[in-house]
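This report concerns only the one structure given below.
The values are calculated or read from the model by the stated rules, or taken from the named source; none is laboratory data. Nothing here was measured: the structure is a model prediction, and the numbers come from that model. Every residue, glycine among them, receives a Cβ derived from its backbone with ideal geometry; neighbour counts consider all protein chains shown. Surface areas here come from the heavy atoms of the whole protein model, side chains and all, with no ligands, DNA or RNA. Shrake-Rupley method; radii C 1.70, N 1.55, O 1.52, S 1.80 Å.
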Amino acid sequence: MAVAAVLAYHAEYRWASGGYLGVDLFFVLSGFLVTGLLISERGRSGTISLGRFWTRRIRRLVPAQVALVTVLVVFTALFHRQELYTLRGQVISTLTGTTNWYLIATENSYFSAIGRPPVLRHMWSLAIEMQFYLVWPVVFLLLAKRLGLSLKTLAITFLAGAVASAALLAVLAGWGDDPSTAYYSTFSRLSGLLLGAALALVWRPKKLGGAPIAGKARQMDQAGIAALVVVMAFFYLATDTGIGMYRIGFALFSLAAVVLVAVASHPTARLAGPHGFGHPLLEAIGVRSYGIYLWHWPVFAYTRPGIDLSWGQNPTFVLRLVITGVLSELCFRFVEQPWHRGDVNFTVIREWVTAQTDRPALRPAVAGVVGLVVVGSLVAMAVAPVTKDETVESIESGADLIESRRDTPPPTTNPVDPVATTTTVTVPVTEPGATTTIPRFGSDEEGPNVTAVGDSVMVGAAPALYERFGQRIYIDAEVARQAAQVADIVTALRDERGLGDVLLVHIGTNGTFTEEQIDDVVTAAQGTPVVFLTVRANRSWIDDVNETLARTVPTEPGAYLADWRSFTTDHGDWFRDDTVHLTTAGVTAYADYIHGTLTGQNPGE
């Protein structure tokens, strides 16, 4: 369930908007299993061998990660050399189990990518797992020695830690537009792991068969079905940036996951049997889920529909599943299982290479070629020059320019009678057959004073907007900006400097834009006309955003809709490979379109 949800989410299916919570389901399961192992070992021997525990974890996790990194380095060196520099930091953080902190330090958003997303970004969750495996046995031993094995005391301690982590998640998510730091941080993501650990204290599957709870199969199935409904509802309805998820949603989901884990490990519940979670197909996927998770994201990152491939979303998803399935199965059979069982070590590898065969030179030659390719790729990555994607450079240039103009004097509002001077521009909108009439803002002699609020698209276009409007535009735009923050931003700008003649809003590239959020923006403008732009990108929620804008904006007094998406229909050359950000010609067209729309000229002229 966990890995399937994550795959659907990363495929950007709208019906799996909460699929990222599959990671949290796995956190609960992992906390439960690992703590159960520690309890069992301490019960048998009176202590815990940290060395043996860590060795088992390393053999289980690290060989597959090394295989993934090796393949990626070679693949990138052969086919995407310009990306070797950006891969270097990802490789180091992956092999050191610090990917989540690396992504925080480099300000890499989980929810918005400029260009190709980091191909090892998904390792953030495994980094948290590895950090947990490193520290948790020591913490557990200390707590057990100090508190004894009092289940009640330990459980309360674990639950208190889970509550503290959930509170930290809510606090961090409230800072800024992008909740990526809250999402990545080890300390704010411990709730699921600790809830699973608390469950392990009171729920010992091997001892349940003789306990009274074994006769409660029907009640357990009922609880499991209810929890399953809750989990599936979260997978379907949850959003990855909604503040409500961070305040309470993650915690509620983890509690439902605790119930699912308990039911799945119950000795007599039908939901845990061969017709439920124990179905052979589900079991086969489950034992391979680690490898599937490892390999799926790089495959997805290099097979973006409409960008890397001309195919649509569904056929691309099928291809992704096939490639992921093949790679993960090979990894499972030849890397994960042998290393986990202890069948493979460096002595075995050496003996295989030097074994006598009918072709004695073949194996050493193959090993030598593979070794040369791997070493050559590693060297190429190590010496790769600093390179920046053109999209990144344009975004950084725009951001620097916006920052340099933070102290622009407050705008004045041109004292113009809107009835006497208004001309109209008719712009097609997403809804078939609908039109919107946009008044001319400002005076005949001067263009309007504009306050513009947007995301990375507007950041990249900032130089052209400043060139077109001069001192008459104030831009407040940031990478990965979400719709939920816009109303507060507008309120702050209105109170600090005023909004001028018109407020321009271009939001929706990074997530949904709801009717309530649109209404909040118009309310925050307090009578200043608001022009919303439709959005264009090859992302699953874009149609929803544009449909919501087309349906809602015409009903809002003083709000107008300019259909940038339709205007760009025949101009794919204005967009970079990610289908979101603008080329040099695109930023010029963008600025001209906005200027023409707001001044009553034909857009783009």
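Quick one: in segment 182-234, which of the residues that are outside any helix (DSSP H, G or I) and under 28 Å from the mean Cα position of the chain (by Cα) is farthest from Glu129 (Cα to Cα)? Please lay out each step first, then the result.
Initial filter on segment 182-234 (outside any helix (DSSP H, G or I)): 185-186, 190, 203-204, 211, 216.
Filter once more, keeping what is under 28 Å from the mean Cα position of the chain (by Cα): 185-186, 190.
On the way: Ser185: 12, Thr186: 9, Leu190: 10 Å.
Here the answer is Ser185.
Checking the conditions here, which among Thr523, Thr534 is over 19 Å from Arg481 (Cα atoms) and not acidic (Asp, Glu)?
Thr523
With the requirement that a residue be modelled with pLDDT under 75 and surrounded by 13 or more Cβ atoms within 10 Å (Cβ to Cβ), what does segment 404-422 give you?
Start the filter on segment 404-422 by keeping residues that are modelled with pLDDT under 75, which leaves 411-422.
Pro411, Thr413, Asn414, Val416, Thr421, Thr422, listed by residue number.
Looking at the structure I just gave you, is Ala585 under 19 Å from Gly447 (Cα atoms), modelled with pLDDT of 90 or more and touching a helix residue (DSSP H, G or I) at 6+ places or on another chain (Cβ under 7 Å)?
So Ala585 fails the test.
Of (1) open to solvent by 30 Å² or more (accessible area, probe 1.4 Å); (2) touching a His at 6+ places or on another chain (Cβ under 7 Å), Leu208 satisfies all except one. Which?
Tallying (1) open to solvent by 30 Å² or more (accessible area, probe 1.4 Å); (2) touching a His at 6+ places or on another chain (Cβ under 7 Å), Leu208 fails exactly one: (1).
Report whether or not Thr268 is assigned to a loop (DSSP other than H, G, I, E, B), open to solvent by 40 Å² or more (accessible area, probe 1.4 Å) and of a type in the set (S, T, N, Q).
So Thr268 passes the test.
Name the pairs whose Cβ atoms lie under 7 Å apart, with the first residue in segment 355-376 and free of Cβ contacts under 8 Å to residues at least 12 places away in the same chain, the second in a loop (DSSP other than H, G, I, E, B) and exposed (fewer than 12 other Cβ atoms within 10 Å of the Cβ), and 6 or more positions between them or separate chains?
Matching pairs, first to second residue: Arg363/Ala355; Arg363/Thr357.
Identify, by number, the condition in (1) crowded, with 20+ Cβ neighbours inside 10 Å; (2) without any contact (Cβ under 8 Å) to a residue 12 or more places away in the chain; (3) of a type in the set (S, T, N, Q) that Thr555 doesn't meet.
With respect to (1) crowded, with 20+ Cβ neighbours inside 10 Å; (2) without any contact (Cβ under 8 Å) to a residue 12 or more places away in the chain; (3) of a type in the set (S, T, N, Q), Thr555 is out only on (1).
Go through segment 6-60 residue by residue and tally those that are open to solvent by 60 Å² or more (accessible area, probe 1.4 Å), outside any helix (DSSP H, G or I) and either farther than 23 Å from Ile243 by Cα or without any contact (Cβ under 8 Å) to a residue 12 or more places away in the chain (or both).
Residues in segment 6-60 being open to solvent by 60 Å² or more (accessible area, probe 1.4 Å), outside any helix (DSSP H, G or I) and either farther than 23 Å from Ile243 by Cα or without any contact (Cβ under 8 Å) to a residue 12 or more places away in the chain (or both): 1 in total.
Any idea how many residues of segment 559-591 are among the charged types (D, E, K, R), buried (at least 18 other Cβ atoms within 10 Å of the Cβ) and in a helix (DSSP H, G or I)?
Residues in segment 559-591 being among the charged types (D, E, K, R), buried (at least 18 other Cβ atoms within 10 Å of the Cβ) and in a helix (DSSP H, G or I): 1 in total.
Take Leu87 and decide whether it is part of a helix (DSSP H, G or I) and under 30 Å from Trp203 (Cα atoms).
It is false that Leu87 is part of a helix (DSSP H, G or I) and under 30 Å from Trp203 (Cα atoms).
Among the residues of segment 386-403, is any among the hydroxyl-bearing types (Ser, Thr, Tyr), at pLDDT 80 or above and open to solvent by 50 Å² or more (accessible area, probe 1.4 Å)?
There is at least one residue in segment 386-403 that is among the hydroxyl-bearing types (Ser, Thr, Tyr), at pLDDT 80 or above and open to solvent by 50 Å² or more (accessible area, probe 1.4 Å).
List every residue pair whose Cβ atoms lie under 8 Å apart, where the two residues are 6 or more positions apart in sequence or sit on different chains, the first residue falls within segment 380-397 and is assigned to a loop (DSSP other than H, G, I, E, B), and the second residue, located anywhere, is of a type in the set (Gly, Ala, Ser) and surrounded by 18 or more Cβ atoms within 10 Å (Cβ to Cβ).
These pairs meet every condition: Asp389/Gly115.
Do you know which residues across segment 310-335 are open to solvent by less than 30 Å² (accessible area, probe 1.4 Å) and within 21 Å of the chain's Cα centre (by Cα)?
Thr316, Arg320, Thr324 - these are the residues of segment 310-335 that are open to solvent by less than 30 Å² (accessible area, probe 1.4 Å) and within 21 Å of the chain's Cα centre (by Cα).
How many of the residues in segment 487-501 are crowded, with 23+ Cβ neighbours inside 10 Å and modelled with pLDDT of 95 or more?
1
Scanning for something more than 30 Å from Val66 (Cα to Cα) and more than 24 Å from the chain's Cα centre (by Cα), does segment 278-296 turn up at least one residue? Write out each step before concluding.
Initial filter on segment 278-296 (more than 30 Å from Val66 (Cα to Cα)): 278-279.
Going one step further and asking which of them are more than 24 Å from the chain's Cα centre (by Cα), we end up with 278-279.
Scanning segment 278-296, I find at least one residue that is more than 30 Å from Val66 (Cα to Cα) and more than 24 Å from the chain's Cα centre (by Cα), so the answer is yes.
Could we say that Ser93 is closer than 28 Å to Tyr183 by Cβ, touching a helix residue (DSSP H, G or I) at 6+ places or on another chain (Cβ under 7 Å) and part of a helix (DSSP H, G or I) here?
Values: closer than 28 Å to Tyr183 by Cβ: yes; touching a helix residue (DSSP H, G or I) at 6+ places or on another chain (Cβ under 7 Å): yes; part of a helix (DSSP H, G or I): yes.
It is true that Ser93 is closer than 28 Å to Tyr183 by Cβ, touching a helix residue (DSSP H, G or I) at 6+ places or on another chain (Cβ under 7 Å) and part of a helix (DSSP H, G or I).
Suppose we filter segment 454-476 for residues that are surrounded by fewer than 23 Cβ atoms within 10 Å (Cβ to Cβ) and of a type outside the set (Phe, Trp, Tyr); how many remain?
Adding up the residues that qualify gives 8.
In segment 522-552, how many are closer than 27 Å to Thr579 by Cα, open to solvent by 40 Å² or more (accessible area, probe 1.4 Å) and either without any contact (Cβ under 8 Å) to a residue 24 or more places away in the chain or not basic (Lys, Arg) (or both)?
Summing the residues that are closer than 27 Å to Thr579 by Cα, open to solvent by 40 Å² or more (accessible area, probe 1.4 Å) and either without any contact (Cβ under 8 Å) to a residue 24 or more places away in the chain or not basic (Lys, Arg) (or both) in segment 522-552 gives 5.
With the condition kept exactly as written, say whether any residue in segment 90-107 is surrounded by fewer than 20 Cβ atoms within 10 Å (Cβ to Cβ) and at pLDDT below 90.
So far as segment 90-107 goes, yes, one or more of its residues are surrounded by fewer than 20 Cβ atoms within 10 Å (Cβ to Cβ) and at pLDDT below 90.
Within the set of pairs 6 or more residues apart or between chains, which connect a residue that is on the phi > 0 side of the Ramachandran plot inside segment 113-125 to a residue that is part of a helix (DSSP H, G or I) and acidic (Asp, Glu) with Cβ atoms less than 9 Å apart?
Gly115/Glu390
Among the residues of segment 93-100, are any closer than 21 Å to Ser185 by Cα and under 16 Å from the mean Cα position of the chain (by Cα)?
Yes, some residue in segment 93-100 is closer than 21 Å to Ser185 by Cα and under 16 Å from the mean Cα position of the chain (by Cα).
Scan segment 271-304 for residues that are surrounded by fewer than 18 Cβ atoms within 10 Å (Cβ to Cβ) and hydrophobic (A, V, I, L, M, F, W, C) and report the count.
5
Can you confirm whether segment 149-170 contains a residue that is surrounded by fewer than 22 Cβ atoms within 10 Å (Cβ to Cβ) and either touching a Cys at 6+ places or on another chain (Cβ under 7 Å) or within 26 Å of Glu478 (Cα to Cα) (or both)?
Checked segment 149-170: at least one residue is surrounded by fewer than 22 Cβ atoms within 10 Å (Cβ to Cβ) and either touching a Cys at 6+ places or on another chain (Cβ under 7 Å) or within 26 Å of Glu478 (Cα to Cα) (or both).
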